[in-house]
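What follows is a single structure, written as structure tokens, with notes after it.
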Amino acid sequence: MLNINIYRYNPEEDKFPYMKNYEIEKPQKDIMVLDLLHLLKESDSSLSFRRSCREGVCGSDGMNINGKNGLACITALSEVLKGDRIDIRPLPGLPVIRDLVVDMTQFYNQYEKIKPFLQNDTTAPEQERLQSPEDRAKLDGLYECILCACCSTACPSFWWNPDRFIGPAGLLQAYRFLADTRDLEKDSRLDDLADPFSVYRCHGIMNCVAACPKGLNPNKAIGEIKTMLLKGKNSKNIIASDGVTALKENLRK
Amino acid sequence: MWSLDDRLLEILEGRGCGENKDHIFLKLDHLGADVLNSKLPGICELSKTFAHVDPVYHPIPVVPTCHYMMGGTPTNIHGQAFTRINSEDVTVPGLFAAGEAACVSVHGANRLGGNSLLDLIVFGRAAGTFIQKELSSGGGVESASNSDIDNSLERLNKLNESSSGHETAPVKKELQTCMQNYFGVFRRGEFMEKGVAELEEIRNKAENLYLSDKSAAFNTSRVEALELQNFFEVAEATAIAAYSRNESRGAHARDDFPERDDDNWLCHSLYDPIS
Ligand code: SF4
Ligand code: SF4
Ligand code: FES
């Protein structure tokens, strides 16, 4: 028997969230956590969770599985079971809409801030903007991000400052465009990040790296951005403001 | 490269691999680690996650399956949906489609790998540009009448008021099994005939679903019920178009009509749910 505990909350019915216990026969095959949720939903149709591609590509089913953030569809039961027990909760730190479904607004707001699109106002060539294989390779480890939010919602700095710290996912994408040789807005991108909160709330806690189901390393990308900021013309105002302003801001809060 | 049917034939004729002889192996190791990891990173990742196989060293177990709709809502190059009235293409004002949902006819009868992106990006952009132009030149959509609104809410209201009927999940499984068995990679008239008859029964169920959870907040049961009804429409269109097309072309492989027949079938099949 599997002993499954799932975070349940329906704002129309429940005053408080609670953990609901389910027991089902342990499947013969090693199934994915998402398959398990589908099995449960067959008998309890009120259980809500997001999913779409079921192959680790769309980023819909990020959740907290036995204490670790991950994508339900590519997390095998055998990887996460503690004995026969499995606890599933929504991604931590974001408001819960219902059950395992969180409100991603804050996450997307941060993503939007970094202007996640190519900026290049030179006249487009007849066919396409070419890039050498070497320059294209600079985007490896960055472009694969599927915005599942597993990293940002595992980051204590993001929990504290979800409105001002861009968070690991957004910063990985910020670096993706900073590293892109076809993008011509490096300076303004760096200017936008040159405040005490956007980048500098990252203290290298590395939860993001442990959480990323695609094996990416936001912490490394953040390091690269910090280096670019220090080398760039915006360096002075950050060094000056980082410690002092941040301290003041925190005190004011 | 083998065609789809060769691969399935191997399995059907008992030359499949594994305990149940239900798959074949795709051997890619001759490409080497560099090519595989740089050119096919997605395939490598999927193989490792789901089949526990690293294509650099071992063959990947594969079966032919359906993973893309070559057809869809007929559109012109601006993404405008159209229908056919008295043998004329007539656009449907305000209705646009792009990507897999649309059929702008870039793929023919068998899409090549990577081209779904082309479809999305090129025609998604074209549709956006067109809509922007339309709107800024004062064009647009006529506003809906009350009866239009009632019509489109009918399905939703019926679900919301349901007090008995069929559960969504088993009906969905039935639909999947029917499509897999009768309209899969290999098609044959007698099987498809059975399938079309089975679909009639499933329609009855899909139209009479019971929604036990009627809450408003992120109700995925409701979405799944509505989705199932949409699946059904697409499945039926696919089934009827496949059953009627007495030839083989692209991904449509019939073993009772194995040849391509340009004299009679060099055309699109248009499915109109009303007629
Ligand atoms: S390394 Fe930075 S971004 Fe990653 S979890 Fe730690 S504080 Fe957050
Ligand atoms: S970096 Fe990884 S964990 Fe973070 S959003 Fe992207 S894919 Fe998800
Ligand atoms: S369902 Fe798409 S990533 Fe899991």
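A short reminder: the numbers here are calculations on the coordinates, not readings from a lab. Quick caveat, the model's predicted, so the values are computed rather than measured. Here the Cβ is made from the backbone with ideal geometry for all residues, glycine too, and neighbour counts use every protein chain on show.
Of everything in the stretch A:151-196, what is within 16 Å of ligand 3 (Cβ to nearest atom), in contact with a Gly (Cβ under 9 Å, 6 or more places away or on another chain) and of a type outside the set (S, T, N, Q)? Give them in sequence order.
A:C151
Quick check on the stretch B:131-162: of everything there that is in contact with a strand residue (DSSP E or B) (Cβ under 7 Å, 6 or more places away or on another chain) and over 29 Å from B:D213 (Cβ atoms), which residue is surrounded by the fewest Cβ atoms within 10 Å (Cβ to Cβ)?
B:E142
From the list B:S136, B:S162, which residue is within 14 Å of another protein chain (Cβ to nearest Cβ) and either under 19 Å from B:A241 (Cβ atoms) or of a type in the set (S, T, N, Q) (or both)?
B:S162
Find all pairs meeting these conditions: Cβ atoms under 8 angstrom apart; at least six residues apart or on different chains; first residue within the stretch B:192-219 and away from chain A (no Cβ under 11 Å) and without any contact (Cβ under 8 Å) to a residue 60 or more places away in the chain; second residue exposed (fewer than 15 other Cβ atoms within 10 Å of the Cβ) and not aromatic (F, W, Y).
From residues that are away from chain A (no Cβ under 11 Å) and without any contact (Cβ under 8 Å) to a residue 60 or more places away in the chain, the pairs are B:G195/B:N181.
If you check A:G70, A:G59, which single one turns out to be within 16 Å of ligand 1 (Cβ to nearest atom) and either within 20 Å of the chain's Cα centre (by Cα) or hydroxyl-bearing (S, T, Y) (or both)? Please lay out each step first, then the result.
Numbers: A:G59 fails: within 16 Å of ligand 1 (Cβ to nearest atom).
The match here is A:G70.
Looking at the stretch A:197-219, can you tell me whether even one residue there is part of a helix (DSSP H, G or I), at negative phi, away from ligand 2 (no atom under 13 Å from the Cβ) and touching a residue at least 24 places away in the same chain (Cβ under 8 Å)?
No, there is no match, as no residue in the stretch A:197-219 is part of a helix (DSSP H, G or I), at negative phi, away from ligand 2 (no atom under 13 Å from the Cβ) and touching a residue at least 24 places away in the same chain (Cβ under 8 Å).
Restricted to the stretch A:40-79, and to residues that are assigned to a helix (DSSP H, G or I) and within 15 Å of ligand 2 (Cβ to nearest atom), which residue is surrounded by the most Cβ atoms within 10 Å (Cβ to Cβ)?
A:A72
Show me the helices (runs of 4 or more DSSP H) found entirely inside the stretch A:88-165 where at least 3 residues are within 14 Å of chain B (Cβ to nearest Cβ) and either touching a Lys or Arg at 6+ places or on another chain (Cβ under 7 Å) or free of Cβ contacts under 8 Å to residues at least 24 places away in the same chain (or both).
A:133-137
I'd like to check which helices (runs of 4 or more DSSP H) are fully inside the stretch B:1-111 and have at least 1 residues that are among the polar types (S, T, N, Q), within 20 Å of the chain's Cα centre (by Cα) and buried (at least 18 other Cβ atoms within 10 Å of the Cβ).
Correct list: empty, since no element meets the threshold.
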